[in-house]
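The values are calculated or read from the model by the stated rules, or taken from the named source; none is laboratory data. Values in this document were obtained by computation on a predicted structure and should not be read as measured data. We place every Cβ from the backbone using ideal geometry, glycine too, and count neighbours over all the protein chains shown.
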Amino acid sequence: MLEAILVVAFGGALVSYFLGRWTSRIRDYFALGVWIAILGMTSYLHQIEPKISTFYPGFLGYDLSLRITSLSWLFAVTVAAVSVLVIIYSFRYIKGHEKRNLFYFLLLLVNGGMMGITLSGDLLSFYIFWEIASWSTFLLISFNRGKALPAGLRYVVMSVIGSAAMLVATLSLYSSYGTLALSDLSTHLATAGGGYVIFIFLLFFVSFGVKNAIVPFHTWLPPAHSEAPAPFSAVLSGLLVKMGTYGLILIFYLIAGMKIFLGLGTGIWSFHYIISALAGVTIVVPSFIAVLQDDAKKTLAWSTVGQAGYIVLGVSFGTGLALAAGIFHFLNHAMFKSLLFMSIGTVERKTSTRDLNELGGLVKRTPVLFVVTLVGAAGLIGIPLTNGFFSKWMLYKTLILEGNPFLAFAALVGTWGTVLYSYRLIHNVFFGQLPEKYRDVTRTSFSTYLPMVILSIAIVFFGVFPGFLLGEINVVTTSLGFTPLDVQLWGISSDSGTVNTLNILAALAVVGVMVWYLFRSSAETTEVSQEDSYTAGAPVPQGRFTYTADFYRPLEKIIRPYLKDRIEDFYGMLVGFVGVLSDTVRRIYTGYVGTYVAYILALLAAVLLVQLGWKPW
Amino acid sequence: MDRRQLIKWLKEPLKMSNKYSLHVVYFCTGCGIIEIPPSITARWDAERFGVKPVATPRQANLFLITGYVSLKTLKPIIRTYEQMPAPKYTVAFGSCPIDGGMYWDSYNTINHLDKYIPIDGYIAGCMPRPEAVFAGITHLWTLIDEGKADGYKKYRRNYSQYRSNQERLYGELGWPPRFETEGLENE
Amino acid sequence: MVGMKIAGIIFSPIIGVITGLLLTGAARKMVARVEWRYGPPILQPVIDLIKLFFQRPPSHGKTFDYGLIASLAGSIVLVLFLPVGRLCPLSEGGGLLLITYLILIGPLGMALSGGEGANPYVSIGISRKLILSLGYEVTLLLILLSVMSEYDTISIFNVVRAQSENGWSLFSWPLVIPGLAYLLILPAILGVKPFDVASAPQEISSGPHVEYGGKYLALSKLEGGLSEFIGIALFVNLFLGGWSIPGSLHLPAGVLGVFLGVLVFLAKVAFVFSLNVTVSASFPRLRVEQAVKYLWSWPAFIGLVGLIIVSAL
């Protein structure tokens, strides 16, 4: 079964490429069919006994194996579900684009690679699938050429560093213990010394940190996300980046185990606390950098970095509630961030810009798009009754009750950054007077709306009934050795404060209906057009009458000096240094034969001299 | 509040609340505006009657036009008046809006403001002092009580006439008619 | 117990709305007295509301309506999660963390509603409002975290109960520091005079309320009164002991006790509000960046010191 999933995924990618040369319509539906089949197969594996199956015995004298656990099932089913929706979304989006076949091939390859990552049973096959996903990601990021090429290049450089770190760690583990199977490694690492464990952890942390965009390694992400095609941005942000999270959980909790991971150092100087602090920085700074962006997709990209901070904070903090919150936030993030990237992608397609200073007034033209974007932004902020609220609530609760108010402060302040940029996104795209040039924006097709509507329904549904997902997550955290949470359909009950989403829903519904009735029963209104608005009696300027540019100018004046990306500067310095070094080296090769002859003669002379010097007789 | 007033409140809450909560949008067209600051600040304190200046016509129900109305300012006045929500009252202030005042023969000044928007009451004088403003407001109360301050209904009823008067001045006004002009005249 | 809960669900929003309205009226009267004026009757906001519900306002679309409805509904729901005296119908669930998120629904609903009004003044007002919120929220979060760490709970109900046994937080050692910080940012939370940048009538024509007339203005006034009530009620609950009386006095049990508890609570709310109105009547308006600079300097510093001391002890 596990092999079948991968065979279908990779085979489907190849077949759809060749089908596309014949007819594009069948290729679309074929790709969709492949991933619906994979989703079906993965769902069928629900709560199966953990099992291992070898799929390539004797690869370089080593057996490659697949393995399914509750953890990998959860990630795999998310990958499959989001992939299906993204494929539906790409039907319309990629139409009229060149190289559609390549796009589908690469998209399916990335998704297949991610399935392989989640299902792999040993570190070598993990590495292989990781590389498949990484390299096809590079091709997809730079799919649009132009500005996308340097973005892709930047990604590939950092990704190669990460992969190298992972390879070193994998080889080191293999040479120490002679095995790479996940189940065997966990018994071996339990007896290893603390220094060696930290060495392994650091290498893996670099690798997964690059993928997950934790603060010192985040610089590749914003350009990559904003330049990639929108369906792939959704995959990149919702799933691929979070493969880093999967790797972290894998290495910290499944291979090393909770005891080793939490036992490295004490107090503030323990390993997991330092990672948590890094995650705290990852929440705050990128969330406020996102406020200052003028590019809609870049805002979302920085927001991805910030939200990844929440997830890593949950994973590294080391309580059961925090880990559950981290995994839950991963699932939620996959929902709302894919939704937001899809909707901004649609806006970009309709208006052929994603500059927040240019757009405006689209709520009059595309109301459905507005509603789904609003739901996605609400999930991103974490308004109660959307899914983002519950995962954040769990995270804050454990941070406060475990005595870490400063990390909780970082997380809560990051939420305010989220409020600011989410509102700006909604406002600048959808509100204000409709500019003249967008008067004829039409509604999009059904296949574009469908995945967004499904995702927004899921956001609200899992916000009201978080118990559905928390039940699955509870299985995962219990299998990793944490005490099970008391999960109800409406949330979590414990003695130190519960939250009951049904209470909130009931209260909001009843009060909302009452207020609505009050509103309804008072004097009726007259509908007026957008031009009829208060301007102290002056006629409303036609065409463009909105306040979008420099939306947070007073704040920007205060915070911009502090939000300079010094890490980016540092990397830039490093790049400049390497450039100078290579330039110096390059000067040796002058391209003039006489110089080379001089080099050879000088070398010969040196050799001769050395030979003469070494022969005293 | 004595019993008679209480009964009045229960009988006609709309009239009573309209009377005692006049939110004013001042349109400072001329010199009359100089009398407004004393009347709303500590010396005369209009707020004790529930009269309160607000920022936009959407929030207001009393439109106070202070001073002469030039051709250029009439257009914003019409627009502001039309933007106010329905039970609304207009009070013109000083001699000029009544018949042009000292600018009666100016090429650029409106002589009769009530040709263009309905006026519920005038406060005469050049300029009326704050006491006169309060006298005007108390008189407006009696008008509201008796149901005579119905300028907004008049405007709705005779919109085509007002509109044609306005268009005679400007040609094209720059916004579509607020109400359907046809059909209403026949009623 | 169930009867009390139902009573709480019915009465605490009503108390919140009425208190919010009366506070607005009292504020107008008090400002008038400070300025040596006679001032309007205290019931003036009620008169204004009745008038506004009878007016026929213009509407700008569906979001314009439903955003405002959501805003008011969110604020009313928030009152259900706050202990009002001893009426605390839902405050066991979620606690302070839920409150920090429910507070968002009010302003964001109004921001959505105003956004469709398509008036630049609305956008400027909302932008200012969000920046100012960020300004005071930094300090407010530090304060909330200090309180939660000190009492080791996230439930606001437990905080109030602990104070009724051990004395008010404002007069107990480490929590006096965050309490002072809260007093410094309270005018900004209420949006009164030095910090009324968001709805400045003279600069940006009352900001988010530009396009509101009639019942829209009425609903947003109700929401404004409620959010003032909420801001003070949070302070009273966290630092002034909610329903509890200082000293060895204890409220009787039963319905009378609940009634007296609500009265004590409202008296505290009125006292704190009158302090803020006095501040409001005597200061001119700050620019938004001046306000944020102020909020991020002393109050945030005091809040940070408070959190460090609380977590160190």
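Could you check, for the stretch C:96-116, whether at least one of its residues is assigned to a strand (DSSP E or B) and not hydroxyl-bearing (S, T, Y)? Checked the stretch C:96-116: no residue is assigned to a strand (DSSP E or B) and not hydroxyl-bearing (S, T, Y).
The single condition among (1) within 19 Å of A:M243 (Cα to Cα); (2) modelled with pLDDT of 85 or more; (3) surrounded by fewer than 22 Cβ atoms within 10 Å (Cβ to Cβ) that A:S83 does not meet is (3).
So in the stretch A:534-558, with the set limited to residues that are among the charged types (D, E, K, R) and in a helix (DSSP H, G or I), which one is nearest to the other protein chains (Cβ to nearest Cβ)? This residue is A:K557. Of all the residues in the stretch A:126-179, those that are part of a loop (DSSP other than H, G, I, E, B), in contact (Cβ under 8 Å) with a residue 60 or more places away in the chain and crowded, with 17+ Cβ neighbours inside 10 Å number 0. The residue that is farthest from A:L292 (Cα to Cα), among those in the stretch A:190-230 that are in contact with a Pro (Cβ under 9 Å, 6 or more places away or on another chain) and not hydrophobic (A, V, I, L, M, F, W, C), is A:G209. Does any residue of the stretch C:211-219 turn out to be buried (at least 24 other Cβ atoms within 10 Å of the Cβ), touching a residue at least 24 places away in the same chain (Cβ under 8 Å) and within 17 Å of the chain's Cα centre (by Cα)? So far as the stretch C:211-219 goes, yes, one or more of its residues are buried (at least 24 other Cβ atoms within 10 Å of the Cβ), touching a residue at least 24 places away in the same chain (Cβ under 8 Å) and within 17 Å of the chain's Cα centre (by Cα). Can you find even one residue in the stretch C:247-265 that is out of contact with any His (no Cβ under 6 Å at 6 or more places or on another chain) and either within 14 Å of chain A (Cβ to nearest Cβ) or polar (S, T, N, Q) (or both)? Yes, because at least one residue in the stretch C:247-265 is out of contact with any His (no Cβ under 6 Å at 6 or more places or on another chain) and either within 14 Å of chain A (Cβ to nearest Cβ) or polar (S, T, N, Q) (or both).
Test C:G109 against the criterion of being more than 7 Å from every other protein chain (Cβ to nearest Cβ), in contact with a Pro (Cβ under 7 Å, 6 or more places away or on another chain) and either in contact (Cβ under 8 Å) with a residue 24 or more places away in the chain or surrounded by fewer than 22 Cβ atoms within 10 Å (Cβ to Cβ) (or both), and give yes or no. Against the criterion (more than 7 Å from every other protein chain (Cβ to nearest Cβ), in contact with a Pro (Cβ under 7 Å, 6 or more places away or on another chain) and either in contact (Cβ under 8 Å) with a residue 24 or more places away in the chain or surrounded by fewer than 22 Cβ atoms within 10 Å (Cβ to Cβ) (or both)), C:G109 does not qualify. Only one entry of B:T142, B:T109 meets the criterion of being within 19 Å of B:S21 (Cα to Cα) and either within 14 Å of the chain's Cα centre (by Cα) or away from chain A (no Cβ under 14 Å) (or both), and that entry is B:T142.
Filtered by the rule that a residue be facing chain B (nearest Cβ under 9 Å) and closer than 17 Å to C:T278 by Cβ, the stretch C:25-46 gives C:R28, C:A32, C:E35, C:W36, C:R37, C:G39.
Figure legend. Inter-residue proximity from the stretch A:66-77: first residues farther than 18 Å from A:G326 by Cβ, second residues surrounded by fewer than 21 Cβ atoms within 10 Å (Cβ to Cβ), beta-carbon distance below 6 Å, spacing 6+ or different chains. Indicated pairs: A:L66/A:S53; A:L66/A:F55; A:R67/A:I52; A:I68/A:L45. Checking the stated criteria, B:M84 turns out not to satisfy the condition of being surrounded by fewer than 17 Cβ atoms within 10 Å (Cβ to Cβ) and either in contact with a Phe, Trp or Tyr (Cβ under 7 Å, 6 or more places away or on another chain) or among the aliphatic types (A, V, I, L, M) (or both).
Apart from one condition, B:P85 fits all of (1) part of a loop (DSSP other than H, G, I, E, B); (2) of a type outside the set (A, V, I, L, M); (3) more than 13 Å from the chain's Cα centre (by Cα); the exception is (3).
The set of residues in the stretch A:504-533 being more than 14 Å from chain B (Cβ to nearest Cβ) and touching a residue at least 12 places away in the same chain (Cβ under 8 Å) consists of A:I504, A:L505, A:L508. Considering only residues in the stretch A:432-490 that are closer than 20 Å to A:G345 by Cβ and basic (K, R), the one that is modelled with the highest pLDDT turns out to be A:K437.
Could you look through the stretch C:134-173, keep only residues that are surrounded by fewer than 19 Cβ atoms within 10 Å (Cβ to Cβ) and not in a helix (DSSP H, G or I), and pick out the one that is farthest from the other protein chains (Cβ to nearest Cβ)? If we take residues in the stretch C:134-173 being surrounded by fewer than 19 Cβ atoms within 10 Å (Cβ to Cβ) and not in a helix (DSSP H, G or I), then C:G167 is farthest from the other protein chains (Cβ to nearest Cβ). The single condition among (1) buried (at least 22 other Cβ atoms within 10 Å of the Cβ); (2) on the phi > 0 side of the Ramachandran plot that C:T19 does not meet is (2). Counting only helices (runs of 4 or more DSSP H) that sit wholly inside the stretch A:253-318, those with at least 3 residues that are more than 30 Å from A:H188 (Cα to Cα) are A:271-291, A:296-317. Within the stretch C:257-313, restricting attention to residues that are outside any helix (DSSP H, G or I) and among the aliphatic types (A, V, I, L, M), which residue is modelled with the lowest pLDDT? Once the filter is applied, the top-ranked residue is C:L313. Of all residues in the stretch A:417-425, one or more are at the interface with chain C (Cβ under 10 Å from one of its Cβ atoms) and over 27 Å from C:L304 (Cβ atoms). Among residues that are modelled with pLDDT of 85 or more and out of contact with any Pro (no Cβ under 7 Å at 6 or more places or on another chain), A:V419 is included.
The residues of the stretch B:65-80 that are in contact (Cβ under 8 Å) with a residue 60 or more places away in the chain and in a helix (DSSP H, G or I), listed by number, are B:L71, B:L74, B:K75, B:I78, B:R79. On inspection, C:L68 passes the criterion of being buried (at least 24 other Cβ atoms within 10 Å of the Cβ), more than 7 Å from every other protein chain (Cβ to nearest Cβ) and closer than 30 Å to A:V363 by Cα. So which residues in the stretch B:16-64 are of a type in the set (S, T, Y), more than 8 Å from chain C (Cβ to nearest Cβ) and in a helix (DSSP H, G or I), if there are any at all? Within the stretch B:16-64, B:S39 is the sole residue that qualifies. Of A:F328, A:F336, all but one fail to be over 29 Å from A:T266 (Cβ atoms), part of a helix (DSSP H, G or I) and either hydrophobic (A, V, I, L, M, F, W, C) or not assigned by TED's automatic domain parsing to the domain that holds A:F462 (or both); the exception is A:F336.
A:T187 meets all of the listed conditions (1) more than 27 Å from A:D294 (Cβ to Cβ); (2) touching a residue at least 12 places away in the same chain (Cβ under 8 Å); (3) part of a helix (DSSP H, G or I) but one, namely (2).
Just one of (1) on the phi < 0 side of the Ramachandran plot; (2) out of contact with any Asp or Glu (no Cβ under 9 Å at 6 or more places or on another chain) fails for A:L149. It is (2).
Residue by residue, here is whether (1) surrounded by fewer than 18 Cβ atoms within 10 Å (Cβ to Cβ); (2) over 16 Å from the mean Cα position of the chain (by Cα); (3) closer than 30 Å to A:S533 by Cβ holds:
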position	(1), (2), (3)
B:L62	no, no, yes
B:S95	no, no, no
B:G100	no, yes, no
B:R129	yes, yes, no
B:A149	no, no, yes
B:R157	yes, yes, yes
B:Q161	yes, yes, yes
